[in-house]
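Here the structure comes first, spelled out in structure tokens, and everything after it is commentary.
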Amino acid sequence: MQKSYETFIEELKSGIHEATGIVRENMHFEKEGGKYAPVGDRLLVKFAEHEDAWEVCGLYTRELYRNYETGTSMGEILDEIVGDISRIRESEIYEKTREITDYEKIKNRLFIRLLNKDKYEEELKDAVYRSLGDIALVLYMKVSEYNGCVTSTKIRQKILIKWGKNGDEVFKEALLNTYFMSPPRIYRWEQMIFNPDYEGENFMDLTGIAKLQKDAMGNCLSTSRKTNGAVAVFLPGVAERLAYLLDSDFYMVFTSIHEVMIHNDHCVDPDDLENVLEDTIKEATPKEDYLTSRIYQYCRETHKFICVTPEKETDDITGPVI
């Protein structure tokens, strides 16, 4: 018999306690919409405490429960959680994050990730980011990496002050790092469907032959990692290269935080794109992967991004760090 969601969470807590020794008092369940659970229910497991910080593993419980309902056993779920906690412990995240105040030590670990500014309003209150419509380009530091999975932390305003660095300089460094950590790629649907080893097209290679779809179908832009790949369009030189290959301005349809559809603006209407995006988000985008319901445009003459629906905004990405 399947467990109820509430029973599942309680057994999850008990299983984690039995496997790791972490007391149940150090496990806090937070419903979606809370400060630490803006996009989904989370079980926050505190596994280490220091004088100035706690180490916490956040588990999205709805996703775990869906896995359980579709056949994954409680034992398998617990094994994965315990493995994650063990790897986090071994990676010495606390020690590595203590280097955060030394800019020269960590500058090569800075990168940019996209979040919905409204949904993550609480988390962004003291973070370093830039706004474009309802999209926040947020400054992070990579703490560790295991099997392609990156552990990271947001850079806070007080850290930027301690660095004594110009915000523009730091942001440019992070965008360049992001480019090299996870280079931009165009993905063709037919290749993704039939070729599991497909790694996308390196359209930024000026020595190669790169072709983009100029019709209404559009082009799927992400990065070599694919995870959090929608940031690709904001990386150095990418928008300029896309506009050159399309020979036009282009619209951006962010179907999730992981990818963005690029459309020649001569072939599509933004209102139609907005309708398609609305359906896509309802049918295929998990809550935790949602970025925006708005349509954006890049103008090759001004080199600026603008939000074209539902209201026009002209927020220059090269503007000051917020």
Order the following by accessible area, largest value first: Met141, Met181. Probe radius 1.4 Å; ligands, DNA and RNA are ignored.
-> Met181, Met141
What does the convex hull of the Cα atoms come to per residue for the stretch 168-213, in Å³?
-> 111
Checking the stretch 1-81 for chymotrypsin sites (Phe, Trp or Tyr not before Pro) in a loop per DSSP with at most 13 other beta-carbon atoms within 10 Å yields Tyr36
Which loop chymotrypsin sites (Phe, Trp or Tyr not before Pro) in the stretch 196-250, with loop taken from DSSP, have no more than 10 other Cβ atoms within 10 angstrom of their Cβ?
-> none
Probe 1.4 Å, all protein chains in place: accessible area of Glu169 in Å², nearest 10?
-> 90
What aspartates and glutamates sit close enough to Lys3 to cross-link, taking a C-alpha to C-alpha distance under 13 Å and skipping anything fewer than 8 places away on the same chain?
-> Glu11, Glu69
Ratio of Rg to Rh over the chain (Cα coordinates, Kirkwood Rh, two decimals) | 0.98
Just the accessible area per residue of the stretch 171-322, please: how many Å² with a 1.4 Å probe?
-> 52
Distance violations [Cα-Cα > 31 Å] among Lys117/Lys304; Lys105/Lys211; Lys105/Lys125; Lys13/Lys105 | Lys105/Lys211; Lys13/Lys105
Tell me, what % of the accessible area of the chain is carbon and sulfur with a 1.4 angstrom probe?
-> 48
Excluding ligands, DNA and RNA, what is the solvent-accessible area per residue of the stretch 28-89 at a probe of 1.4 Å, expressed in Å²?
-> 55
Whole-number value, in Å³ per residue, for the convex hull of the alpha carbons of the stretch 12-102 is 115
Could you rank the peptides 19-26, 107-114 by their average count of other C-beta atoms within 10 Å per residue, with the highest value first?
-> 107-114, 19-26
Calculate for the chain the 222 nm mean residue ellipticity that helices alone would give, adding -39,500 (n - 2.57) per DSSP H run of length 4 or more and normalising by residue count, nearest 500 deg cm²/dmol.
-> -9500 deg cm²/dmol
D_trans [Stokes-Einstein, Kirkwood Rh over alpha-carbon pairs] for the stretch 197-279, 37 °C, 0.692 mPa s, µm² s⁻¹ = 249
Result for the stretch 103-152: accessible area per residue, probe 1.4 angstrom, in square angstrom, of 41
Expected field for Lys282, accessible surface area in Å² at 1.4 Å probe radius, rounded to 10, holds 150
Order of exposure, largest accessible area first, which applies to Arg185, Arg225, Arg156 with probe 1.4 Å = Arg225, Arg156, Arg185
Between the alpha carbon centres of the stretch 9-65 and the stretch 114-190 the gap in Å comes to 24
What's the long-distance tail for the stretch 135-232, i.e. % of Cα pairs beyond 18 Å?
-> 58
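The values are calculated or read from the model by the stated rules, or taken from the named source; none is laboratory data. Computed from a prediction, not measured in an experiment: that's the story for all the values here. Cβ: placed from backbone, ideal geometry, glycine included. Neighbour counts: every protein chain shown. Protein only, heavy atoms only, side chains kept; ligands, DNA and RNA dropped before computing areas. Shrake-Rupley method; radii C 1.70, N 1.55, O 1.52, S 1.80 Å.
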